[in-house]
Structure formats: C-alpha cells, structure tokens
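Visitor: This is the structure I have questions about; it appears just below.
Each value in this text was obtained by applying a stated rule to the coordinates, not by laboratory testing. Keep in mind the model is a prediction, meaning the values are calculated, not measured. All Cβ positions, glycine included, derive from the backbone under ideal geometry; neighbour counts span all protein chains shown.
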Amino acid sequence: MTSRTTSRLTGRLTGRPTGTGLGAAARGVFLTLTAGFVLLPLAVVVLSSFSADEVADGGWPNGWSLRWFREALEYEPFRVGLAYSLQVAALATAISLAVGAAAAYAIARYRFPGAALLRAVFVMPLSLPRVVTGFCLFVLYASLFPTAYGTVGGIAFAHCLLLLPFVVSVLGAALAGLDPALEEAARDLGASPPRAFLRITLPQIRPALIAAAVFAFITSFDEVDTSVFLMPADQTTLPVAVFLRLEQQQDPTVTAMSSLLIAGSLLLAAAAALAARGVGAALVAREAGTGEPGEPKETRGERTA
Amino acid sequence: MSVPALHADGVSKWFDGRRVLDAVDIEVREGEFFSLLGPSGCGKTTALRIVAGLDAPDEGRVSINGTDVTRTPAHRRPTNLVFQQGALFPHLSVFDNVAFGLRTEKTAKREIAGRVEELLDVVGMAEFAGRAPGTLSGGQRQRVAMARALVRRPQVLLLDEPLSALDLGLQLRMRRELRALQRRTGTAFVCVTHNQAEAMEISDRIAVLNAGRVEQTGTARELYHTPASRFVAEFIGENNLFAGATADGLTLPADHDGLLAVRPESFRLAAADDAASVGTATVRSAGFLGPRLRVVLETATGREVLVDAEAGATTAAVGERVGLAVAAAQVAVVPETAVPEAAVPEAGLPEEGAVREAAS
C-alpha cells in the first residue's frame, strides 16, 4: 500500500516534462526515498493498529482485527483526554491567533521604538526547551496560581507561549506583502479602521490565517513536553494520556488511537485547504451583493487560492 | 469672497525631527482644478495626505467648505483620494471596488448599482464591471480608481500623481480626460504632481511647493510670466537668469539690480552691431524643433544663453557672433528669497542631445 502511494506521488511530481534520462531517474529515486522516509513511520503505526497481535512491535501483523480501535475508544483516559485536548487546542488557537494577529499587525504597520526587539521577543520561546517552559510554568502555577494547575485555561495559556512565535511570523510575513495603501484607501472611502481591517486586510491574509490556525491547533493538540508538567496524572490531555499509557503497556491500543488522530489531522488539513479556497470565494461572492453584472468566478478562485 | 472649498491654514509637519511642511497655506476655490506642483520630496504628497486625514498636521488647520476638519478622521471627511498606483482592492471586482465607498455609508442596494454604473460609464469602464483589478491595464486601473473616489460625491477630490504610472502617450490623453471629468462633475480637484507641463495644461491654479513651502500660487500664466522666486523661475518652463541688469556681458533693459529672468522665446537674434541689442554672443549650437529653432549661445564671459527663435525666419551658424535683443517688458524681476535650493527642477532641457547633434 505504501509503495503504491509513494510511486503515484512521485510519478505526479516528476510527471512534468522538465528533465530526461539520468537526471529524471535520480530525481525520481530521491523523491521516492524522501516520501518513504516521511510516510513509513505512519504506515507502521496504521498497520499495527489493525493487527490482532498483543504487542505493537512494528512487524507485519500475524492477523487482522479492529479490537484495538474499540479498546482505544473505550479506554477512559483517552475519552476524557480527547475532549480535554480539543478544548485546550481550540482555546489556545483562538487566543494565539487573536493576540498574534494584533502583534503581527502592530509590528508590520507601525513604527515605534523597540519594534525589532518586540519581534525578537515573540520568537524567543522557540529557543527554550519545552520541558523547561513546562517546569517554569509548573513552578509559577504552584506558587502563584494554584487554580490554573490542571485546567483547560492554564494549559491553553502555556500552549499560547509555544504557538505565538509561529503565528506572529506567519501572519507577519503575510502582512508584509500587503500594500498599506489598500487599508488607507478603505478608510478614505468611509470605512472605520476596524472595518477597513476586516473588509480589506483580513480577506487578503486569509490563507495565512487558516494555515496558522491549523498548525496552532495541531501543535497544541499534540503537545506533551510542556503539558505533562501542568496536569495531574489522573486527568490529562490525550497525548499525555497516550504517553502515560505507553509507560505501562505497549499494546496496539495506542497505535489505534494514533491512527484515528492521523485520520483526524488529514481531515482537518483537507477542510483547511477547502476553506482557504471555498470560504474565501463564498465571502467575496456575498460581498459582491446582487447588483453585480457578470460572474468572474475563475479569477476569484485564483486570487484566493 | 465665497468660502473656499479647501483651506489649509499654516499647516506644518515634522517627520523624524525634519520639517517636511512649513506653514503651508492653500486655498482652493469651489469647482476649481488646483495642482500642487513640486519636485519629489517637496512635501506635496504629505500635504495631500493631511487634507485626506491620513496624516495629522503638527500645526495649522484644514477646513473644507468652511468646516474645520483638522481633527476629523479620514473616514468621516468629505474628501476622497485617488492613490498614486490606484490602490484598488485586489480581491474585489471593479464593480465592488467602486461600490465599496457607498456600502460603508449604508446606501440602498438599488441606488448603489445605479451610481456605480453611472460612474463606470463616465470613466468609460462600464463593460469591465465584473473584472478583477489584476486583469486591467494601468490606464484602466486609474480610471476605476477615479470612479471609486468620485462615486461618494466628495466635496473635494484629491489626486496623488494620478498619471505618473502611465506611459507618455496615455498620460497626454488622460490629462484631457481628467480635465473633462473635473468640468463634468464640477467638483474641486486637488492634484499633486511633479510634472509642470501636466500641471500647466490641466489646472486653473497651481501652488508651487519647494522644501515644504509654498513658493507661489497662481495661474500657469502668472507663474510663467511673473515668477515670485528663483525656484519658480527655474522650475516652470525654461529661463535665462541673470544676477543683475549688467551681468554676463549683457546690459538688460531693467532698472533693477537683483535677479532678472528672460525666457528663451523673449530674446531676439539681431546683427552683432544692431543698436537695439543688449549685447553680443557666439552661437554654440542651433537645433531645429519644428516651429522653433533652439539656439544655444555663449556670451563674452562664457555664460550660456538659451534662445528660441522662429525657425522659418532665423539662420544661425555655429561660431557666428550675433546680437541679442529683448524688450523691457519681457524682462521679469525675480524677488530673491532666502529659500534654500533644496531641489533641482526635474524638467531638463527638451531634447538637448538632439539639438547638439543637429548642430554639429
């Protein structure tokens, strides 16, 4: 299954009439190996989750079964953890997007003393090992905010620190490519500054916004290193629950759960890709109202893609 | 006197400790085509942005039809701006670009459609309503930008170098269109430009800006014939400037010992011993420009003098010594001002290279 997927993938990538002979062959081999390197671990996980074996050892299964999926879905820490993780990821994504967009906008549009410093500050958390961040926050919560320990808000706040560098740099790059005169033109035409931002700037950075949101959500959802310090062992987010169970048992329940997460991530990415095209076009069409002659759908699709 | 459509009163602006506008006074009359003319960096765009409300003045007041708008934000001012590159919204169609300014004021849908179509018709873009801005040419984009700004029926329309991004042929045609558009709407237009020919052709009045100051305000004729400063004398058209009545080997008919200006077409070539001549000079080059002959001469002191003579009636051989004649009325007295020479006029000699080539 894996080899067929990769060969189809590389076939499409090298299908353009760009090179011939040795060069094309070398490129094909390279791309196949790279795709294999990326996809093989996923394939092993997915494969073992359908296995009838008692231990997930990475080998070819001796039989097939769906029981590990049932086990995973019935395992209480996973059920609780899934709901918990979804809440944390949603909250952390919302906060980091709101704060990150505002910060990126300020850095991109206003000249003020310390703008460069601020940009550096927002990227700084990247250089700190996540376990250190987690430990520091644990000490902070334990000493000053004991009520934040083990709550959705407390963990989401911690995740925001990890997400902001990414959100600020992605949105900052998108904003830097926009002509500031566009927003000024909107204000000149009677739009208040917030309205000018919503109607003119936001639609144009929508793809970056969606990309940042998807990445932020997945990052928060998968986070273990920092989160593990911030919650008691009897009630944890899903990846922490997976981590804790792996310490006890190595049966395919964990790989079954992982397969479900892989499927979920793929669905999310597909939805995001659709949103970047479809929702953008839909909003533009709504903005257009009814008075418009002609329907240049294709041009719009291209612009928002 | 009636209330001016736009009055900028003592407007000053600093950027990073540098004064870019220095007590600028501008009065634009109702229904007037007014140009702010100056070299790049003279502050003309800043002045326009202050009128639009996109920048705030550090000193002075701005009023529109008698209403003080100095503290009014851009989106509540009765002005609209045509941006230099058009600044069309790339994610909206031509129709939606023009309709944008009407939707912000909650105009009824049917009225929006009517007004947008009317304006697109005025600028000749009706058939492009459904197109995306990215698919339009420079001239088409600029027409849409004008329609978008005019659809709100501003009391003053502001234009920031509206034609500078277009190629020369299109510029010349758009000048006439712009002028016709202004006549048709009867709106006061304030147009920023660095192109003196453009300003002279389309404006009722012009304010010449240099280094953040208004050097002179007047009609093209006034600026041309009675420049109020050395800068204006050099920036508007071409001029021969002399430090005094007896300078550079010439004796000009003027009883003024300050700066004097004589237009190239005001000099007349005469015989070297003509009693009416104000001095003699040697022909360095002569170039045929169609109706005129551009003659470059050199006086005894080595000073270059430009003369435009009627091409049909003049012969000027290179190396020939000729007399220069000029009527007293054609010698303009230029008031000397303490304004620093901050900028060099961008309008150089027309076809200078071609003249030299033709002469050799």
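Visitor: Using a simple spin-label model with points 7 Å from Cα along the Cα→Cβ vector, what separation in nm is obtained for residue A:37 and residue B:137?
Guide: Once both label points are built, they end up 5.1 nm from each other.
Visitor: Apply the Karplus curve 6.51 cos²θ - 1.76 cosθ + 1.60, θ = phi - 60°, to the phi angles in segment B:173-187 and return the couplings in whole Hz, x for Gly and Pro.
Guide: 5, 5, 4, 5, 4, 4, 5, 5, 4, 5, 4, 5, 7, x, 7
Visitor: Helix-derived [θ] at 222 nm for the protein assembly as shown: sum -39500 (n - 2.57) over DSSP H runs of at least 4, divide by residue count, nearest 500?
Guide: Counting only the DSSP helices, I get -14500 deg cm²/dmol.
Visitor: Note the full-extension length gain between residue A:90 and residue A:57 as 0.36 nm times their separation in residues minus their Cα-Cα distance, in nm to one decimal.
Guide: 8.5 nm
Visitor: Can you give the extra length, in nm with one decimal, that the chain gains between residue B:273 and residue B:67 once fully stretched, where that is 0.36 nm per residue apart less the Cα-Cα distance?
Guide: 67.8 nm
Visitor: What FRET efficiency, computed as 1/(1 + (r/R0)^6) with R0 = 45 Å and r the Cβ-Cβ distance, is obtained for residue B:85 and residue B:257, rounded to the nearest 0.05?
Guide: It comes out at approximately 0.40.
Visitor: Classify segment B:129-184 as rounded, prolate or oblate, taking a ≥ b ≥ c as the square roots of the eigenvalues of its Cα gyration tensor: rounded when a/c is under 1.5, otherwise prolate if a/b is larger than b/c and oblate if not.
Guide: oblate
Visitor: Take every residue in peptide B:143-156, count the Cβ atoms of other chains within 10 Å of its Cβ, and give the average of those counts.
Guide: So the per-residue partner count for this stretch is 1.
Visitor: Follow-up question, since we're still on this one. Which GluC sites (Glu not before Pro) does segment B:90-125 hold that lie in a coil by DSSP with at most 15 other beta carbons within 10 Å?
Guide: B:105
Visitor: Determine, for B:200, A:124, the number of other Cβ atoms within 10 Å of each Cβ, and report the residues in order from fewest to most.
Guide: By the 10 Å Cβ count, ascending, the order reads A:124, B:200.
Visitor: Calculate one ³J(HN,Hα) per residue across segment B:218-232 by plugging θ = phi - 60° into the Karplus curve 6.51 cos²θ - 1.76 cosθ + 1.60, and present them in order as whole Hz with x for glycine and proline.
Guide: These are the phi-based 3J(HN,Hα) values: x, 6, 4, 4, 5, 5, 6, 8, 10, x, 8, 7, 4, 4, 5 Hz.
Visitor: While we're here: Could you tell me which GluC sites (Glu not before Pro) in segment B:137-216 are loop residues by DSSP with no more than 15 other beta carbons within 10 angstrom of their beta carbon?
Guide: none
Visitor: Would you calculate the separation in nanometres between label points at residue B:282 and residue A:24, each defined as 7 Å from the Cα along the Cα-to-beta-carbon direction?
Guide: 7.5 nm
Visitor: Could I ask something else about it? Between residue B:56 and residue A:117, what FRET efficiency follows from the Cβ-Cβ distance if R0 is 25 Å, with the result rounded to 0.05?
Guide: 0.40
Visitor: With a 10 Å Cβ neighbour count serving as the proxy for reagent exposure, in which order, fewest first, do A:192, B:203, B:285, A:96 appear?
Guide: Exposure proxy ranking, most exposed first: A:192, B:285, B:203, A:96.
Visitor: Which far-off residues, 5 or more places away or on another chain, put their amide H under 5 Å from the one on residue B:209, with H placed in the peptide plane?
Guide: Amide H to amide H, under 5 Å and 5 or more residues apart or across chains, residue B:209 pairs with B:37, B:38, B:215.
Visitor: Along its three principal axes, how long is segment A:74-304 when you only count alpha carbons? Whole Å, largest extent first please.
Guide: Computed over the Cα atoms, the extents are 65, 43, 26 Å.
Visitor: For residue B:285, list long-range residues whose amide hydrogen, built 1.01 Å from N in the peptide plane, is under 5 Å from its own amide hydrogen.
Guide: Result for residue B:285 returns B:296.
Visitor: Quick check: pseudo-label points 7 Å beyond the Cα along Cα→Cβ at residue B:241 and residue B:184, how many nm apart are they?
Guide: Result for the modelled spin labels: 4.2 nm.
Visitor: Right, another one. Take every residue in peptide A:189-202, count the Cβ atoms of other chains within 10 Å of its Cβ, and give the average of those counts.
Guide: Shielding by partners across A:189-202 averages 5.
Visitor: Sequence-distant or interchain residues sharing an amide H contact under 5 Å with residue B:69, placed H: which?
Guide: HN-HN under 5 Å from residue B:69: B:62, B:63, B:64.
Visitor: Report ³J(HN,Hα) in whole Hz for each residue of segment A:231-237, in order, from the Karplus equation J = 6.51 cos²θ - 1.76 cosθ + 1.60 where θ = phi - 60°; Gly and Pro get x.
Guide: Values, residue by residue: 8, x, 5, 8, 9, 10, 6 Hz.
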